[in-house]
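Encoded as structure tokens, the structure appears first; notes follow it.
The values are calculated or read from the model by the stated rules, or taken from the named source; none is laboratory data. Since the structure is predicted, the reported quantities are computational estimates derived from the model, not experimental observations. Quick reminder, even Gly has a Cβ in these numbers, built from the backbone with ideal geometry, and neighbours come from all protein chains shown.
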Amino acid sequence: MLRITFLGTGGSLPTRNRNPSAVMVNREGELILFDCGEGTQQQMMRAKTGMMNLSSIFVSHFHADHFLGIPGLIQTMSFMGRKEPLLIYGPEGTREFTELFKALGYFNLKYEVQGIQLNPGDVVEREEYVIRALKTEHSISSLGYALVENPRPGRFNREKAIELGIPPGPLFSKLQKGKTVEVNGKLVKPEDVMGKNLRPGRTVVYSGDTRPCEPILEASRDADVLIHDGSFADEMADWAEESKHSTAGEVAALAKEAGVRKLILTHISSRYTDDAEPLLIDSKKIFEDVIIAEDLMEIEVPYRSK
């Protein structure tokens, strides 16, 4: 399972229908949060994402609309009895901000919260995926992130497994996960029943606030999902450049060049509170498979068929 829940899709300030930036990824039950604007914990409750399985928060930059939800969230999880450490990753200043989060309200946390500064090009390695830190182009030090799953084993040969005496059930799953199993005193290795050609995992790229830039383009090549700052319609191009944000058309051009499978525009300016259609019109002129993110919207990211 790879599910993305958009907890906050507004730009700079909340509106009546958009919270500030926050995107939750549920990967096989592990929760990973990209940015955490004010009100994020309530959005998590509304979306029923859960919060106690949250392993990490990846902050794109330290403008208030991207981090103000962290102090309340970490205190709520402490009230709820959390014991597992929480890791907060981000650009320059992350360690200092994390200490401030922990100190707010004279509240004694019951679990460890660790701030970890990342530089562009750094890689956070997990057992089945990595998260790459990407240099982005904003008005302050900022990062984007690419969640890249490891390649999967080749296709499982069910008929061959049964022929070797493996009964359908849990042993199938173990073999598919690369583990050797024993049946009737005989060892069966994954390579005995798995195809030799590796299959790609999934890739999700989150830009944070940025101008269209080369690191995001390169990380997005053949990506399954690109979640990108799409603050303005193309008629606001001058202001987008000055404020270091992106227009819908600019992002669509990047997505087309990168060959992404799905583009989702977020960080929508309050100018479009009543009607975000101009963003969709500008982007679809260039790239068809695009969505304007809405608060509490969920999408599932499937494996590629080939």
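Observations
- Any hit, segment 183-196, residues being in the same structural domain as V23 (by TED's automatic domain parsing) and touching a Ser or Thr at 6+ places or on another chain (Cβ under 6 Å): no
- Within segment 217-228, considering residues that are touching a helix residue (DSSP H, G or I) at 6+ places or on another chain (Cβ under 7 Å) and outside any loop (DSSP other than H, G, I, E, B), the one surrounded by the most Cβ atoms within 10 Å (Cβ to Cβ): H228
- Residue match in segment 213-236 (condition: more than 26 Å from V130 (Cα to Cα), among the hydroxyl-bearing types (S, T, Y) and in contact (Cβ under 8 Å) with a residue 24 or more places away in the chain): yes
- Pairs where the first residue, in segment 74-85, is in the same structural domain as M51 (by TED's automatic domain parsing) and the second is of a type in the set (D, E, K, R), C-beta under 6 Å, 6+ apart: S78/K110; P85/E112
Rundown of residues vs (1) charged (D, E, K, R); (2) without any contact (Cβ under 8 Å) to a residue 12 or more places away in the chain; (3) outside the structural domain of T136 (by TED's automatic domain parsing), yes/no style:
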position: T40; (1), (2), (3): no, no, no
position: M45; (1), (2), (3): no, yes, no
position: S55; (1), (2), (3): no, no, no
position: D65; (1), (2), (3): yes, no, no
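- Counting only residues that are among the hydrophobic types (A, V, I, L, M, F, W, C) and either part of a loop (DSSP other than H, G, I, E, B) or free of Cβ contacts under 8 Å to residues at least 24 places away in the same chain (or both), segment 134-157 holds 1 of them.
- Qualifying positions in segment 81-112 - part of a loop (DSSP other than H, G, I, E, B), at positive phi and exposed (fewer than 11 other Cβ atoms within 10 Å of the Cβ): G81
- For segment 5-18, filtered to residues that are surrounded by fewer than 24 Cβ atoms within 10 Å (Cβ to Cβ) and either outside the structural domain of L279 (by TED's automatic domain parsing) or polar (S, T, N, Q) (or both), the residue that is farthest from F67 (Cα to Cα) is N17.
- Test result for M45, more than 19 Å from F107 (Cα to Cα) and either part of a helix (DSSP H, G or I) or out of contact with any helix residue (DSSP H, G or I) (no Cβ under 7 Å at 6 or more places or on another chain) (or both): yes
- Which listed residue is of a type in the set (G, A, S), in a helix (DSSP H, G or I) and either over 17 Å from the mean Cα position of the chain (by Cα) or over 20 Å from G208 (Cα atoms) (or both), from S12, S78: S78
- Among (1) touching a Gly at 6+ places or on another chain (Cβ under 6 Å); (2) closer than 25 Å to T5 by Cβ, the one test that L226 misses: (1)
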